[in-house]
1. So which chymotrypsin sites (Phe, Trp or Tyr not before Pro) in region 669-740 pass both tests, a DSSP loop state and at most 15 other Cβ atoms within 10 Å of the Cβ?
2. Amide H to amide H, which residues 5 or more places from LEU602 or on other chains are under 5 Å from it, using H placed in the peptide plane?
3. Could you pull the accessible area for ASP751 with a 1.4 Å probe, rounded to 10 Å²?
4. Could you tell me the accessible area of ASP566 in Å² (1.4 Å probe, neighbours in place), rounded to the nearest ten?
5. So how far, in whole Å, is the C-alpha centre of region 597-613 from the one of region 353-387?
6. Would you mind checking the radius of gyration and Dmax of region 49-96 based on alpha-carbon positions, in Å?
7. Please list the non-local residues whose amide H lies under 5 Å from the amide H of VAL663, H modeled 1.01 Å from N, same-chain partners needing a gap of 5 or more.
8. Got a sec to turn the phi values of region 448-463 into Karplus ³J(HN,Hα) couplings, 6.51 cos²θ - 1.76 cosθ + 1.60 with θ = phi - 60°, whole Hz, x for Gly and Pro?
Amino acid sequence: MSLDHMSGDLSSFSMLDLFRMEAGEQARVLTDGLLQLERGAADPVLLEAMMRAAHSIKGAAAIVGRQAVVGLAHAMEDVFVAAQQGRTTVDAGAADTLLDSVDLMQRLAGADDDTGTDAAVQARIDALAALLACPATPPASSPGVFPAAAAAPGPAALPQPETPAQAPVPVDKAAASAESVPVPASALAAASDELLTLASQARVHAGQLRPWLDAMQRYKRQQRSVLGALDQLHEAIVAANDPRLLELALALRDRMQPLPGFLLRSIRDAENYERQASNVSARLADEVLALRMCRFGDGVHGLPRMVRDLGRSLGKDAQLVIEGSATLVERAVLARMEAPLNQLLRNAIDHGLETPCERVAAGKPATGTIVLSARHRGGMLVMEVRDDGRGVDPERIRQAAARRTATPAIAAELSLDELMEFLFLPGFSLKETPNAISGRGVGMDVVHEAVQRQNGTVRAESTPGVGFRTLITLPLTQSVMRALVVEVAGEAYAMPITRVEHVLRLQRSEARTLSGREYVDLDGVHLGLVAASQVLELDDAAGTRDDILSVVVVGAGADRYGLVVDAILGEQSLTVQPLEPVFGKLRDIAAGALLEDGAPVLIIDVPDLLVSIGRLLDQGASLQPARAAEAGTVRRVLVVDDSLTVREMQRKLLAGHGYRVEVALDGIDGWNNLRAGEYDLVITDIDMPRLDGIGLLERIRHDPRLQRMPVMIVSYKDRPEDRARGMEAGADYYLAKGSFHDATLLEAVLDLIGPAYHRGTS
């Protein structure tokens, strides 16, 4: 169903629904206009637009029998008429009264009936009538707020938001019609989701014609070869001068004559059909995406009011300027960014902007300005929030970082960009005393998380005394994604191209090993290599057989890895399809899609994948790409120690070098493990409850199945008699905990059982 049809056929909307839509649109006109009037923009055109908005609401309310709204809108209309005639002014105090009236009007429009509203409406009408009796003054409840007319010297010239009298830029056909009725966003979303799926399928079907056309071209070349052979045969028959064969050859030649032309026409017609089908499917996808888009200004129109009200509640005078109102943004993207943008604006008001007195003393206008902008750049949506407040002192961040990390030396070496990254960490705050707005360290981390969920990036910049700036970069749409398609364990997977930093093809000989983990040098930094199949828990026992490693670099900073995949299949534009809710949240997977050939593909959730990699590394897992030549039986080690710290240290160290490590809490626990499983080595402490290490060693040496198993003792007891006692009990190695290093333990393990992987027959 087209948007024209939806706007013209109103049978699905009741008169009350239409009234509520109109009331919402006119309330926006009133709110935007009042915020401008409060700042001294006494434009006759603006006042006329607001008067007409109130008049329109009054008429619409009368049609649906909402008398309370009729009376309220009429009182507002009187105020605007008086302002046009110069009998009153709309300053900060009057704007408060009028904005409260707009809020009440919207609540009345959304209610089921007018019951119980008479007193509230009458009180508001009386307040509006009072504006006609005398000029309004700023309310006493807002300390420190300067009237707009009494702003500090030298106010900065700022671009004004579009006036309500200006016609909105058409986004689609329905929006361009003066008689169109706004359709609820929920209705558009429900319709466009299904249409997007159909558009994706149409594009896939159109794309499937191309392989068929390629096959037809191959057939044409084969036909040309056959025809050439027939010509040679005909010449041979003519030379042989056999009348009967010549007659047959001429008959065959006549029958073959129309075939090349027929094939050429068929290919030409099929190519035209394929071209038209591709164009139509592409246009269909574009039109569906247009349905999902809206103007940036339409999605954030309520924020200037929020900034103004919150500033006044904190004793500050704040205004929000919106730039790039006509920039097209996907509705779903804007909805997901509503909370992060609110948080950034609240931070700017509470943390950034000074009080009017402080601003005047600093030579700034009394009114603090926050700018919210949106623009398209390089195929991405760039949103920016900047203010002209006090900014953030980098040294304060450095001091807070030192307290948080307990490593002042490291904090002292952090660059400015690295310091700004601390602002996005959970629980990080520069405010010593929290209030209802901020100071609890919850906010910027929520912004960071929300942006990452949409495959975007966020960064902050600050100039002390001048202001603070937050820059958010997102894909233009979450519906169609430009993705890198890779192969992992024989299956295709896709990653958002915005999440891919580099794609590398390396000789395996370029990889080095450090602490049991493989890495390569990239721009002078060690890049850890991680097997994608292992992180995704896919069966890829054969490992990477090729001497060339295909590596996708993802992440940033300490969480930056080279993901080793089987092959790089190239870039594609994918129509994102959400997974069925019955599956819930799949670890490391964000959504699904169809490739250009119609094959299904899973889209990797890169932030989730980075968390999985970190978790596996913390557990001591070896994520290095497996080599086919080394693939075989993995040697198993049992660590027996009653100290959690010692157990974990040994487990992580050995697991990081590829050994399969299990742990036991004491001698009895270790003995039970040994009787139930197969191990290549036991590493045990001596002093343990229930059964000590010497007792465990004696049981091992008296068991026919286990007596040849290598056993290493690692103990704090380092006296000669302790060492002699362990060796007499049958230990193969004795190490003192207080003196050995990681390398010492690894060398001992290598001496006893060799490397983690060996080409066994099991």
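The values are calculated or read from the model by the stated rules, or taken from the named source; none is laboratory data. Keep in mind it's a predicted model, so treat the numbers as computed, not measured. Here Cβ is always computed from backbone atoms with ideal geometry, including for glycine, and neighbour counts include all displayed protein chains. Quick note on the areas: whole protein, heavy atoms, side chains included, nothing else; ligands and nucleic acids left out. Shrake-Rupley method; radii C 1.70, N 1.55, O 1.52, S 1.80 Å.
1. Those that pass, being in a loop and sparsely packed, are TYR716, PHE740.
2. Under 5 Å from the amide H of LEU602 lie the amide H atoms of ALA494, each far enough along the sequence or on another chain.
3. 110
4. It works out to around 70 Å².
5. If you average the Cα positions of each part, the centres end up 37 Å apart.
6. Final numbers for Rg and Dmax: 11.5, 33 Å.
7. Under 5 Å from the amide H of VAL663: VAL639.
8. 4, 5, 5, 5, 4, 4, 9, 6, x, 10, 9, 9, 10, 9, 8, 10
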